[in-house]
Amino acid sequence: MSSDFQPASGFVLPRYAGIATFMRLPHIGLDDPRLAEVQVGLIGAPWDGGTTNRPGPRHGPRQLRDASTMIRAQHGITGVRPFEAMNCADLGDVAPNPADVQDSLRRMTAFYTRVRGAGIIPLTAGGDHLCTLPILRALAAECPPENRLGMIHFDSHTDLFHSYFGGQMYTHGTPFRRAVEEGLLDPHRVCMIGIRGTAYDSEDRDFAKAVGIRVIPIEDFHRRGVEDVMAEARNIVGTGDTYVSYDIDFVDPAYAPGTGTPEVGGPTSWQALECARLLRGVKIVGADLVEVSPPFDPAGGTAFLGVSLMFEMLCAIVTAHQ
């Protein structure tokens, strides 16, 4: 891979110095002629217009970028060196419209359509979970019905609700209901892991069952263990194109308090990393890490876990595409 895409070394420039980019990679905008050389693009989606409870994920990408300066070149367990395997770059932020949900969705779809058109695999830092919908719209735009995207989804919540507040169809609790309705996802190739917490009703679970989405609740996750659950997830998505969406509230709030809708009883930070590591072999065409909310963890521990998960997903991406 080109030396132009190597991250700055902490032995050359201290990690607290310089302009923060994701994992200290070069910043390459969509109009930069070097874009044609990029294979994996790290992108910020600083928008939380779909949030219905505690706001703040719009500030997530900035804190995640800062925390990511601690990411080094080599995976500590597997030895994977992703920045040597593929050309990676920070493509900057999507520019949302904080006053207009629909305009923000259109802007994000347009941004990711350009990313897809350049042949780049997007790895996104959100933002709330509604950010995933316009990304899926861009990635699935040219997929024939028989080759719709699969998805592995780590979360406390299914995000399969029909609507909020008397008919509001676009919130962080509805993106995957819309994605299935719009034909972006093949529900029989969707696996949701870690679902838990109190509920208003069973509407979301009923929808999942009706269309064929596999929901693995947290009690099954703990009873069966990470390896068994991830083996099932890999089997469900198979060899087809797959999107990975990782909500930080999948992790127990003891380890990741900086999020808007925490649910107790989740996995540890180690289990969270192991889940991402066991994505190996999945044909990942895009991934995201969403719902980091800095106001609820100003010390940044949640963000560091978030970028560590992004690094794990990056390693899974390059391993599958080598």
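Since every read-out is calculated from the coordinates, none of them should be taken as a lab result. On a predicted model such as this, the values are computed, not experimentally measured, just so you know. Cβ placement follows ideal geometry from the backbone for every residue including glycine, while neighbour counts extend to all protein chains displayed.
Suppose we look only past 15 Å in the calculated P(r) of region 18-101. What percent of the Cα-Cα pairs does that tail hold?
Working: 2237 of 3486 pairs.
Summing the P(r) of region 18-101 above 15 Å gives 64 percent of all pairs.
In units of 2.2 N^0.38 Å, what is the alpha-carbon radius of gyration of region 137-274? Intermediate values should be presented prior to the final figure.
Numbers: Rg = 14.7 Å, N = 138, 2.2 N^0.38 = 14.3 Å.
This ratio for region 137-274 stands at 1.03.
So for region 57-97, what percent of the C-alpha to C-alpha distances run longer than 17 Å? Write out the running numbers ahead of the final one.
Working: 394 of 820 pairs.
The calculated P(r) of region 57-97 puts 48 percent of pairs beyond 17 Å.
Counting each DSSP H run of 4 or more residues in the chain as -39500 (n - 2.57), what helix-only mean residue ellipticity at 222 nm follows after dividing by all residues, to the nearest 500 deg cm²/dmol? One gets -9500 deg cm²/dmol as the mean residue ellipticity at 222 nm.
Taking 8 Å as the Cα distance limit and 6 or more residues as the minimum spacing, I'd like the relative contact order of the chain as a percentage. Display every interim value, and only then the final one.
Values: 697 pairs, mean separation 64.6, N = 322.
With pairs under 8 Å counted, the relative contact order is 20 percent.
Scanning the chain for chymotrypsin sites (Phe, Trp or Tyr not before Pro) in DSSP loops with at most 10 other Cβ atoms within 10 Å, what's the longest stretch left with none? Of all site-free stretches, the longest is 17-164.
Amide H contacts for Asp93 (H built 1.01 Å from N in the peptide plane; partners 5 or more residues away or on another chain; cut-off under 5 Å): Gly44. Using every pair of separate Cα atoms, the Kirkwood estimate puts the hydrodynamic radius of region 214-308 at 14.0 angstrom.
Name the longest site-free stretch of the chain, where the excluded sites are GluC sites (Glu not before Pro) in a DSSP loop with no more than 14 other beta-carbon atoms within 10 Å.
On the way: sites that count: Glu142, Glu182.
That gives 1-141 as the longest site-free run.
For the chain, the fraction of alpha-carbon pairs lying more than 39 Å apart is 5 percent, rounded to a whole number.
Charged side chains reduced to their Cβ positions (Lys and Arg at +1, Asp and Glu at -1) give region 29-166 a dipole of some 120 debye around its Cα centre. The distance between label points at Thr52 and Gln74 comes to 4.7 nm (points 7 Å beyond Cα on the Cα→Cβ vector).
Taken over region 207-263, the alpha-carbon convex hull comes to 120 cubic angstrom per residue. With bins 5 Å wide beginning at 0, the percent of Cα pairs of region 54-171 falling in each bin runs 2, 8, 15, 19, 21, 17, 10, 5, 2, 1, 0. Based on alpha-carbon centroids, what's the gap between region 183-259 and region 55-97 in Å, whole number please? One Cα centre to the other: 24 Å. Between Ala299 and Asp4, the simple spin-label model (points 7 angstrom out along Cα→Cβ) gives 4.2 nm. With one equal scatterer per alpha carbon and no solvent term, the Debye-computed log10 I(q)/I(0) for region 113-207 at 0.15, 0.19, 0.24 1/Å reads -0.62, -0.97, -1.43. Under the simplified labelling scheme, the Ala99-Ile19 pair shows an inter-label distance of 2.8 nm, with each label point 7 Å from Cα along Cα→Cβ.
A simple charge model with +1 on the Cβ of Lys and Arg, -1 on the Cβ of Asp and Glu and nothing else charged puts the dipole of the chain at about 560 debye relative to its Cα centre.
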